[in-house]
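Below is one structure, written out as C-alpha cells; comments come after it.
The values are calculated or read from the model by the stated rules, or taken from the named source; none is laboratory data. Everything numeric in this text was worked out from a predicted model, so none of it was measured. Don't worry about glycine lacking a Cβ; one is built from the backbone with ideal geometry, like all the others, and counts go over all protein chains shown. Just so you know, the surface numbers come from the protein's heavy atoms only, side chains and all, with ligands and any DNA or RNA stripped out. Shrake-Rupley method; radii C 1.70, N 1.55, O 1.52, S 1.80 Å.
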Amino acid sequence: MQNYKVIFHIDEMSKWKLLLANVNNMIHDLKNQSITIEVLANSEAVKFFIQNELNENDYSTIQNLMNNNVLFCLCNNSLLSNKIELNTLIPNISIVSSGVTELMLKQHEGYAYIKP
Amino acid sequence: MQNYKVIFHIDEMSKWKLLLANVNNMIHDLKNQSITIEVLANSEAVKFFIQNELNENDYSTIQNLMNNNVLFCLCNNSLLSNKIELNTLIPNISIVSSGVTELMLKQHEGYAYIKP
Amino acid sequence: MQNYKVIFHIDEMSKWKLLLANVNNMIHDLKNQSITIEVLANSEAVKFFIQNELNENDYSTIQNLMNNNVLFCLCNNSLLSNKIELNTLIPNISIVSSGVTELMLKQHEGYAYIKP
C-alpha cells in the first residue's frame, strides 16, 4: 500500500474555507488508506489560529482534522511580522522557523504540493 | 526522449483565461515532444464547463486543446456542491471523485504541478 | 549535505512583496547550506522588471537576492504579450521562451515548487 503524502499551502485568510473543505474531501476520499497531510500556513494566514478570533465552527473543523492526524504548521517569521504571541494560539499547532523552507523540505521528502 | 508530465490546477473562475493561455504556450513551446498535460478543476472553477454558459471562443479553445491531447478533469465533490448535473457539461470531460486527491496522485506519479 | 532546490512562481504584480519576503526568509533560514533558488515570473508579473518603473527599494532587494545567487527568470511569451522590449529591463535577468515549461522542467529536475 502506498503512503500518500501531501502538504497544503495557504498564505491568505480568504482561502481558509476552501482549504479546510479540500482537506476534508481528501480524508473522506482516502479513508482507510495511509495518508500524511500537513497544512502549512504563512504570511497573514497564520492569524487564523488566534484563539480569541477563531469562531466555534472553524475551531471544531480544525479539531476534527487534527483527530484525523492532519498536522497544522505555522511559519514563525509570519507570527513575528504579525506580532502574534505563541500563547494566543490554539493548542497543538506546530511551529517552523520558515514556512517556505518547510514547503521545500517536504517536497524533497516526496510530499505533493497543493495551493488552494 | 523524456516524457514530460504536468498537471495544472485551477479553482477560481477568474483564472481560466490565464490558464488556457499557459497551456497553449506550453504546447507550442514543446511541439514534437512527448508531453502529457492534465487540467484539474475544482471548487467554483468547474462551472466553466457548463455547456449553456460557455462562450463559443472558450469552447473552441478547449476543443483545440483536447485535440492536442490535453485532459480536462473535474472534481465531483465540486460539481455536487455547485449543484451541477453531469448532463449539463460539455462532452469529453473526465470526472474524479476528489480533485485534491487527483492532484496528489499525479504528483506521486511524477507530474509537475502548476497553479496559474 | 543535501542540495536544496526550489522554484518560486509568480504571475501577479500584487504578489511581489510577499514573494521577495519569502525568498529572503528562506535565504536567512538556510544560510551556510547549499541551496539553489529560482524565481520564475510570467503573465503580468514580468512588468516588475521594467527598469524605469521599478522603485529603488525593490531594485535594491532584487540586487541583494541576486548577490545571494537567486536567479530571476522571465517568460518571453509574457514579455511579448505585454509588449516589453528586452532593453527596458534591469540587467542580469534570464529569459526563457515559456515560463510554464520552465516550471515543469525544473520540477522534473527535482526542484520544489512554491507559489506565494
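Given the rule -39500 (n - 2.57) for each run of at least 4 DSSP H residues, summed and divided by the residues of chain A, what is its mean residue ellipticity at 222 nm, to the nearest 500 deg cm²/dmol?
-11000 deg cm²/dmol
Between A:30, A:74, A:40, which gets the highest mean-square fluctuation from a Gaussian network model of chain A, Cα cutoff 10 Å?
Its mean-square fluctuation being the largest, the pick is A:30.
At 7 Å along Cα-to-Cβ for each site, give me the label-to-label distance between residue C:64 and residue B:82 in nm.
Output for this residue pair reads 4.3 nm.
Helix A:99-108 sits at what angle to the longest principal axis of chain A, using alpha carbons and giving 0 to 90 degrees rounded to 10?
10
Per 10 Å bin, what percent of the C-alpha pairs of region C:62-116 does each bin hold, from zero upward?
The percentages, shortest bin first, are 20, 47, 32, 1.
Taking the Cα centre of the protein assembly as shown as origin and charging only Cβ (+1 Lys, Arg; -1 Asp, Glu), how large is the dipole, in debye to the nearest 20?
400
Report, largest value first, the span of the C-alpha coordinates of the protein assembly as shown along each principal axis, in whole Å.
The Cα atoms of the protein assembly as shown stretch 55, 53, 36 Å along the principal axes, largest first.
Bins of 10 Å, beginning at zero and ending with the bin holding the largest distance: percent of Cα pairs per bin for region A:1-40, please.
So the P(r) values, bin by bin, are 27, 53, 18, 2.
How much area per residue is accessible in chain A when the probe is 1.4 Å and only protein heavy atoms are counted (Å²)?
Solvent-accessible surface per residue comes out at 47 Å².
List the residues of region C:12-44 for which accessible area in the full set of protein chains is at least 10 Å² lower than for the chain on its own; 1.4 Å probe, protein heavy atoms only.
Listed by number, the residues meeting the 10 Å² cut-off are C:12, C:15, C:18, C:22, C:25, C:26, C:29, C:30, C:42, C:43.
Just the number, please: carbon plus sulfur as a percent of the accessible area of chain B, 1.4 Å probe, no ligands or DNA/RNA counted.
Answer for chain B: carbon and sulfur cover 42 percent of the accessible area.
Give the longest segment of chain A that steers clear of trypsin sites (Lys or Arg not before Pro) in DSSP loops with at most 10 neighbouring Cβ atoms within 10 Å, not counting the sites themselves.
After excluding every exposed loop site, the longest remaining stretch is A:32-82.
Taking the alpha-carbon distance from residue A:31 and a cut-off under 18 Å, which aspartates and glutamates remain once sequence neighbours fewer than 8 residues away in the same chain are dropped?
Counting by Cα, and skipping residues close in sequence, residue A:31 has these aspartates and glutamates nearby: B:102.
B plus A alone minus the pair: what accessible area, both sides summed, probe 1.4 Å, in Å² to 100?
The B and A chains share an interface burying roughly 1400 Å².
Would you mind finding the longest exposed-site-free stretch of chain B, with exposed GluC sites (Glu not before Pro) meaning DSSP loop and at most 11 other Cβ atoms within 10 Å?
It runs B:1-84.
By how many degrees, between 0 and 90 and to the nearest 10, does the Cα long axis of helix C:16-29 differ from the longest principal axis of chain C?
20
So what's the net charge close to residue B:25: Lys and Arg +1, Asp and Glu -1, counting the other residues with Cβ under 14 Å from its Cβ?
Net local charge, residue B:25 excluded: -1.
Compute the FRET efficiency between residue A:108 and residue B:52 as 1/(1 + (r/R0)^6), taking r as their Cβ-Cβ distance and R0 = 35 Å, and round to the nearest 0.05.
After rounding to 0.05, the efficiency reads 0.15.
Put the label 7 Å from Cα along Cα→Cβ for residue A:87; what are its distances to the other copies, in nanometres, shortest first?
Here residue A:87 shows inter-copy label distances of 6.3, 6.4 nm.
Go through A:32, A:84, A:99 and say which Cα lies farthest out towards the positive end of the charge dipole of chain A; charges sit on Cβ, +1 for Lys and Arg, -1 for Asp and Glu.
Positive-most Cα among the choices belongs to A:32.
Per Stokes-Einstein, at 37 °C and 0.692 mPa s, what whole-number D in µm² s⁻¹ belongs to chain A, with the Kirkwood radius over Cα pairs as the hydrodynamic radius?
Rounded, D is 228 µm²/s.
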